[in-house]
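Chemist: Pasting in a structure now, in structure tokens, and then I'll have a few things to ask.
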């Protein structure tokens, strides 16, 4: 079954920095979308950006989105509260959500986690080695025991998120830190995979293993059917002995 | 070490319903506070209500609160967003949080969970039998295998919360439903225990086992020291080979 | 991709009790296998029993098994330690494992859990209502909010197992107990789903919802590819400053 | 309340290697016990070793042990199955269990986990930096954001254990690996904390932070009261409509 993916990008650095624009001429969203079309088994990919009306995430777009991949950084606070709430609601209904890199600071992710999502960080470029801590997880499909990103921003522990359902990746950094780089959650019916890599200053989204992980994550996060859920006032199924009430 | 507890109550039913006012002449907060003073080992209890300035939850009060016990129902939406945010921030810093009954619909709890917290429910009064599912948990200290609430509102599954850290209690209802009645979470440094019992129409907060569980929960949710956490920009600890950068 | 299922049954009650033999003329294994062939999307099903050499679970059979469905009860102690160990090893390598009913007392399940797996129980027949606590879970695919087993043995909490990854089902019993009836775990690469229903004295394995759940569980528990895992002695990847060693 | 601690050590390297004997003249058990007496708030410490009758872990000793700290390495297979089973039983009843370093390969730990507990490793000595991933956890009480072990054996991911209840520490290694160095579990009523540091070739058990963590772990793992647990055949609490049985 075709998975309908929307890749969302704030798309700000690409407008403001020549070097980012050169590195990602179709935008980070364009690079991620192209990677998915190449690697994911059966996907239909569209993109959306902050600058579009309703940030491109209208009720209609979200209703037709199975998995939302999200990149954001400097403009997290510019996302309208209503749109963020709409994303959260759709996750509760079953839409997969894959925040990349500083998408961990986005309004939808922070609302879904209920924590600050604080981290340590360092700009400047250093080696990151991403270890597979959970080799049985489908998001690690096809990987070797680790892969390296030759130059990247550092993220370091403690990472203020709830204890995850599964810790798929843990990163080693040249400067001496560690970080839980791939974490799985469920909120309502929706599956969430927070993936650390992907700073705008490096060509990380063209790297094979990164593309592979994002494709795996999209397949993993796609909604499944599940059971009916009825909430609200309910009639009793068994008879109640009302004489026992006070 | 003395645990400083604040028992918060919206305190609306007590004003509007004569029967609630008769049942809880000191308010639900007064009954819960009295129970704690009786059962918890070393506590200092104050109360606060919706009607006070800043709902009685000023920066100062929260700074001096180790554990916040919370009862709310019909006025959940009247809690100021800022006050709700302040409570959430304090939980992240380590304050324990014990929402009772429909406190599960309160702004702080929903923000900490990141889900809808939806349930089934039924008014009218029926037997609830609360089973200890996790007899090794300190919140179950001193209980037998189960206890009963003779007449209460029903809450039924599915309960739309994240998978808990521990499921301490599961309820059986006369009308045929089940419910996870005692769930543990951590968010940041703060411990959260969501406890189902406690509808305003029944004298539940005078019941021994209920008082015992709330006292246990307060002791369990009290902050502990932990380690230092430093977030933000960080200098490298190891030397970085900058020649390797692109 | 075809899922290769082995349905294992101790097959003792069928030999010793006329009424069980009449209820399950092809054995419980035969009934479960027939149900899977009817309901699971793409499966190849074989059966094996205690009485066969190596209980029908030779290295070869297990090597060709993607998911092992297991029913056992009175003969749990008759399973050879070596065969139990072989099952556990295969689960670590990725084989799915679906113990049914008192299969929760089987050697493989207890070794995978590391706990006693103790419960309360009661023979005699009473209504069980199985509630979906996790409507977003694929093992609940296609179900309504609950289903009933009109007459069954009771299992009651506390259930001495590790806190599960997900609680999919919770049962209500007519006699007043509750039970976590559908629990998910992973051990190594293997997925485990412990499903409560299925006493030999009742025609439970012919019931539509039960067949549906077992089919869903088999699909959920099927192995996925994952990443390479290398264990043992390892060469350093980074150069080590040996002058710093004591 | 005084916590009764037993520190168990296989005590083999100390007999066979002069350098280990010089480093740990009272044995590793002696060093750990001395550290606990210094750092833990209210403990009564005894030691036991492999060479004693029943390895020093008789029914009586275990019955009087609140927390068992365990060091083992080359002689894991020499521990009698019965004694290992007795330790596991006591954990189920509530005894805390703190396996240090290659105690992760001990029979009790492997039985409690239900997995292989496989890792990568490397001898020779290199820097380990242990990061606090969960600064709100009491086992991290009093620590800064990280501490370093100047020279140690490496352990690397993947670590084949069940997803833990909490990940308290994650290690960075000079040679390029990462490891989840402090993991919390519960099995039955017993709390388990697996702590990585402590190779016999290095004076790690004299290091302040290591002593602090072990003292914290002992306090955390001490048994609590909990509720009564009744297992086995049970009378119904509610009346059962036997006419409804088939």
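Chemist: Condition first: touching a residue at least 24 places away in the same chain (Cβ under 8 Å) and surrounded by 23 or more Cβ atoms within 10 Å (Cβ to Cβ). Now tell me which residues in the stretch B:216-234 satisfy that.
Modeler: Passing the criteria: B:216, B:217, B:218, B:221.
Chemist: Right, another one. Out of D:191, D:187, D:196, D:180, I need the residue that is away from chain C (no Cβ under 14 Å), buried (at least 22 other Cβ atoms within 10 Å of the Cβ) and closer than 27 Å to residue D:86 by Cβ. Which one?
Modeler: Result of the check over D:191, D:187, D:196, D:180: D:196.
Chemist: So, one more: For residue C:204, which of the numbered conditions (1) free of Cβ contacts under 8 Å to residues at least 60 places away in the same chain; (2) within 9 Å of another protein chain (Cβ to nearest Cβ); (3) touching a helix residue (DSSP H, G or I) at 6+ places or on another chain (Cβ under 6 Å) fails to hold?
Modeler: It fails just one condition, (2).
Chemist: Okay, moving on. When you scan the stretch D:51-156 for helices (runs of 4 or more DSSP H) that lie fully inside it, which ones turn up with 2 or more residues that are crowded, with 24+ Cβ neighbours inside 10 Å and in contact with a strand residue (DSSP E or B) (Cβ under 6 Å, 6 or more places away or on another chain)?
Modeler: In the stretch D:51-156, the matching helices (runs of 4 or more DSSP H) lie at D:107-113.
Chemist: Separate question: Show the residue pairs meeting these rules: Cβ distance below 9 Å; 6+ apart or different chains; first residue within the stretch C:113-124 and more than 7 Å from chain D (Cβ to nearest Cβ); second residue modelled with pLDDT under 95 and assigned to a loop (DSSP other than H, G, I, E, B).
Modeler: C:123/C:199; C:123/C:201; C:124/D:240; C:124/D:245
Chemist: Continuing with this model, one more query. Quick check, is residue D:35 more than 20 Å from residue D:101 (Cα to Cα) and touching a residue at least 12 places away in the same chain (Cβ under 8 Å)? Break it down into steps so the answer makes sense when it comes.
Modeler: Values: more than 20 Å from residue D:101 (Cα to Cα): no; touching a residue at least 12 places away in the same chain (Cβ under 8 Å): yes.
For residue D:35, the condition - more than 20 Å from residue D:101 (Cα to Cα) and touching a residue at least 12 places away in the same chain (Cβ under 8 Å) - is not met.
Chemist: Only one of B:137, B:55, B:73 is in contact (Cβ under 8 Å) with a residue 40 or more places away in the chain and within 14 Å of chain D (Cβ to nearest Cβ); which? So that I can check it myself, show each step before the final result.
Modeler: Numbers: B:55 fails: within 14 Å of chain D (Cβ to nearest Cβ); B:73 fails: within 14 Å of chain D (Cβ to nearest Cβ).
Going through B:137, B:55, B:73 in turn, just one is in contact (Cβ under 8 Å) with a residue 40 or more places away in the chain and within 14 Å of chain D (Cβ to nearest Cβ): B:137.
Chemist: Those residues that are buried (at least 19 other Cβ atoms within 10 Å of the Cβ), in a loop (DSSP other than H, G, I, E, B) and at pLDDT 95 or above, I need them from the stretch C:13-50; list them, please.
Modeler: Once the filter is applied, which keeps residues that are buried (at least 19 other Cβ atoms within 10 Å of the Cβ), in a loop (DSSP other than H, G, I, E, B) and at pLDDT 95 or above, the stretch C:13-50 yields C:24, C:50.
Chemist: How about the stretch B:218-246: which of its residues are within 7 Å of chain A (Cβ to nearest Cβ) and not in a loop (DSSP other than H, G, I, E, B)?
Modeler: Answer for the stretch B:218-246, where residues must be within 7 Å of chain A (Cβ to nearest Cβ) and not in a loop (DSSP other than H, G, I, E, B): B:232, B:233, B:244.
Chemist: Just to be sure I understand, how many residues within the stretch C:157-173 are surrounded by fewer than 22 Cβ atoms within 10 Å (Cβ to Cβ) and within 7 Å of chain B (Cβ to nearest Cβ)?
Modeler: Residues that pass the stated criteria total 2.
Chemist: Can you name every residue in the stretch B:187-217 that is part of a helix (DSSP H, G or I) and within 25 Å of residue C:173 (Cβ to Cβ)?
Modeler: If we filter the stretch B:187-217 for residues that are part of a helix (DSSP H, G or I), which is where we start, we get B:204-206, B:208-217.
Answer for the stretch B:187-217, where residues must be part of a helix (DSSP H, G or I) and within 25 Å of residue C:173 (Cβ to Cβ): B:204, B:209, B:210, B:213.
Chemist: Looking at (1) surrounded by fewer than 20 Cβ atoms within 10 Å (Cβ to Cβ); (2) touching a residue at least 60 places away in the same chain (Cβ under 8 Å), can you tell me which one residue A:237 breaks?
Modeler: Answer for residue A:237: the failing condition is (2).
Chemist: Continuing with the same structure: Tell me, please, whether a residue that is assigned to a loop (DSSP other than H, G, I, E, B) and either touching a helix residue (DSSP H, G or I) at 6+ places or on another chain (Cβ under 7 Å) or closer than 16 Å to residue B:157 by Cα (or both) can be found in the stretch C:178-186. Even if it seems obvious, please write down each step before you answer.
Modeler: Filtering the stretch C:178-186 for residues assigned to a loop (DSSP other than H, G, I, E, B) gives none.
Taking every residue of the stretch C:178-186 in turn, none turns out to be assigned to a loop (DSSP other than H, G, I, E, B) and either touching a helix residue (DSSP H, G or I) at 6+ places or on another chain (Cβ under 7 Å) or closer than 16 Å to residue B:157 by Cα (or both).
The values are calculated or read from the model by the stated rules, or taken from the named source; none is laboratory data. These numbers were taken from a predicted model, which means no experiment stands behind them. Cβ: placed from backbone, ideal geometry, glycine included. Neighbour counts: every protein chain shown.
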